[in-house]
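Chemist: One structure, as structure tokens, below. Some questions next.
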Amino acid sequence: MAYVRTVPLPYVDTHTTVVPAGADVVWRTIGEVMRRSFAGRAGAGYARLVGVADRTTSGPHTPAVGSTVRGFRVTTADPLRELVLTGRHRFSAYTLTLRLAPEGPGRTRVSAETRAVFPGPAGKLYRLLVIGSGAHAAVMRRMLTSISAPKGAR
């Protein structure tokens with residue numbers, strides 16, 4: 001399955017939070033949250049329903065290029081700075097880019113940028129159901145809330 005795309009995907013949204021921990025702790029937490037977020041039975045059922053390309057989790061707990069979590073493949077892993085997850089299914093091709101930046105002593109800004117394309121009539125309907133309904137934004141807020149409470153934070 002190819003993940004190469006020469007034209008950037010259209011921008012969807014960006015969500016940001018400031019975490020009371022250093023980038024090293026936040027990076028580990030992102031790996032844990034990503035593995036947990038898409039793991040359960042509901043995630044498996046959704047993955048089957050939409051036909052995600054990557055249905056299993058593989059690779060180390062710390063994000064690394066080539067590893068997968070359900071629905072995503074890690075295509076860029078610049079530790080403590082940027083993680084790019086790419087995926088596709090019947091209705092969409094998408095990227096989730098997590099960027100880390102210092103926000104003062106012991107604090108890290110995390111931004112989650114989503115880009116996606118929704119081809120054809122089925123893709124348009126899917127976009128309306130997921131993006132238009134606010135479900136995607138709710139999932140992003142929940143993910144960032146989980147990242148905001150890292151283990152090992154001071």
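Taken together, the values in this text are just the output of simple stated rules run on the coordinates, not laboratory data. Computed from a prediction, not measured in an experiment: that's the story for all the values here. A quick note on method: Cβ atoms are made from the backbone with ideal geometry, for glycine too, and the neighbour counts reach across all protein chains shown.
Chemist: Semi-axes of the equivalent ellipsoid for segment 1-81, please: Cα gyration tensor eigenvalues, times 5, square-rooted, ordered largest first, whole Å.
Modeler: Working: eigenvalues 97, 61, 39 Å².
Calculated on Cα positions only, the semi-axes equal 22, 17, 14 Å.
Chemist: Can you tell me the orientation of helix 23-37 relative to the chain, as the angle in degrees between its alpha-carbon axis and the longest Cα principal axis, to the nearest 10?
Modeler: Here the helix axis deviates by roughly 40 degrees.
Chemist: Pairing the Cα long axis of helix 135-147 with the longest principal axis of the chain, what angle in degrees results, from 0 to 90 and rounded to the nearest 10?
Modeler: 20 degrees
Chemist: Which one of Ile30, Gly104, Ile131 is farthest out on the positive end of the charge dipole of segment 11-147, using unit charges on Cβ (Lys, Arg +1; Asp, Glu -1) and the Cα centre as origin?
Modeler: Ile131
Chemist: Another question, if that's okay. Roughly how large, in nm² to one decimal, is the mean projection of the convex hull of the alpha-carbon atoms in the chain?
Modeler: Convex hull of Cα atoms, orientation-averaged projection: 8.8 nm².
Chemist: Now for a separate question. Give me the one-decimal nm value for the distance between modelled label points at Ala137 and Arg36, 7 Å along each residue's Cα-to-Cβ direction.
Modeler: 2.5 nm
Chemist: To the nearest 500 deg cm²/dmol, what mean residue ellipticity at 222 nm is calculated for the chain from DSSP H runs of n ≥ 4 alone, each contributing -39,500 (n - 2.57), summed and divided by the residues?
Modeler: Numbers: 4 runs with 46 residues, N = 154.
Rounded to the nearest 500, it is -9000 deg cm²/dmol.
Chemist: Can you put Arg55, Arg41 in order of Cβ neighbours within 10 angstrom, beginning with the fewest?
Modeler: Arg41, Arg55
Chemist: For segment 51-107, with only Lys/Arg (+1) and Asp/Glu (-1) charged at the beta-carbon, what is the dipole magnitude about the Cα centre, in debye rounded to 20?
Modeler: For this selection, approximately 240 debye.
Chemist: So, in nm, how far is label Thr75 from label Arg90 when the simple model puts each one 7 Å beyond its Cα toward the Cβ?
Modeler: With each label point 7 Å from Cα toward Cβ, the separation is 2.3 nm.
Chemist: Specify the angular offset, from 0 to 90 degrees and rounded to the nearest 10, of the alpha carbon long axis of helix 41-50 from the longest principal axis of the alpha carbons in the chain.
Modeler: Around 40 degrees separate the two axes.
Chemist: Using +1 on the beta carbon of Lys and Arg, -1 on that of Asp and Glu, and nothing else charged, what's the dipole of segment 11-147 about the Cα centre, debye to 20?
Modeler: Numbers: 19 positive and 8 negative charges, 102 e Å.
Charge dipole of segment 11-147: 480 debye, to the nearest 20.
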